Amino acid sequence: MKALILIDLQNDFLPGGMVEVPYGNEVIPVANRLMEAFDLVVAVRDWHPGNHGCFAANHLWRRPGQKIELGGVEQLLWPIHCVQNSFGAEMAIGLQEEKIHRHFFKGTDPEVDSYSGFFDNAHQADTGLAGFLHEKGVEELYLLGVPLEFGVKYTALDALALGFRTWIIEDGCKPQSAEGDDLMAELREQGANLIPSILLLPNAG
Ligand code: ZN
């Protein structure tokens, strides 16, 4: 069984959002087309309380881009984003949300951040995603989302460590900075497979 995992496809990660990913909007039509081709579609969402420690605004004299320690691990500070129940945390405008079977939420504990859809950055708390996928008999994961350096990368590394066959959809991911190609190569070295979305569509070939 295969599952499509949509990562952080939320308004704040798209152009105009608080932590925008350039051209992030270009992955939305890719996601809409692919959702038709998968029996199981899961969304992983950044879902922070307003007092989350990853927000620079919650620390005296700190700015986005600086680093602190949070939850026992190094933490990059961010602008306020994906606050629970806010517009920025909603699924991206234009995404056919009704095709998502299940949503998993990360970054809910104010004391530790979570880039991966599986575990927090300290690898302590579990979002429930791995258990759900095992219960459904899923062995192959196809990842699509933003930003490539954070949500996609760390979800992929955890997926590989958990033993899932893991595919990164090349035209379904966008980086926040200009290092996208290097990151794709790095993920491939770690054991992920890269695939263009067209090969996953029903009429491919
Ligand atoms: Zn976040």
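Taking the conditions (1) hydrophobic (A, V, I, L, M, F, W, C); (2) part of a helix (DSSP H, G or I); (3) surrounded by 19 or more Cβ atoms within 10 Å (Cβ to Cβ) in turn, residue 112 satisfies each one other than (2).
If I filter the stretch 96-121 down to residues being over 15 Å from the mean Cα position of the chain (by Cα) and under 26 Å from residue 157 (Cβ atoms), which single residue comes out as farthest from the ligand (Cβ to nearest atom)? Filtering the stretch 96-121 for residues that are over 15 Å from the mean Cα position of the chain (by Cα) and under 26 Å from residue 157 (Cβ atoms), the one farthest from the ligand (Cβ to nearest atom) comes out as 101. Taking the criterion of being closer than 21 Å to residue 201 by Cβ and either within 15 Å of the ligand (Cβ to nearest atom) or touching a strand residue (DSSP E or B) at 6+ places or on another chain (Cβ under 7 Å) (or both), would at least one residue in the stretch 62-72 satisfy it? No, the stretch 62-72 contains no residue that is closer than 21 Å to residue 201 by Cβ and either within 15 Å of the ligand (Cβ to nearest atom) or touching a strand residue (DSSP E or B) at 6+ places or on another chain (Cβ under 7 Å) (or both).
Among the strands (runs of 3 or more DSSP E) confined to the stretch 131-205, the ones with at least 2 residues that are touching a residue at least 40 places away in the same chain (Cβ under 8 Å) are located at 140-145, 165-173. The listed residues are 34, 40, 76, 95, and the only one of them that is under 28 Å from residue 131 (Cβ atoms), out of contact with any helix residue (DSSP H, G or I) (no Cβ under 7 Å at 6 or more places or on another chain) and surrounded by 15 or more Cβ atoms within 10 Å (Cβ to Cβ) turns out to be 40.
Considering the stretch 119-158, and only residues there that are among the aromatic types (Phe, Trp, Tyr), under 16 Å from residue 105 (Cβ atoms) and touching a strand residue (DSSP E or B) at 6+ places or on another chain (Cβ under 7 Å), the residue that is surrounded by the fewest Cβ atoms within 10 Å (Cβ to Cβ) turns out to be 132.
Every number in this text was worked out from the coordinates using simple rules, so none of it is lab data. Computed from a predicted model, the values in this text were never measured in an experiment. When we count neighbours, we look across all protein chains shown, and the Cβ atoms used for this are built from the backbone with ideal geometry, even at glycine.
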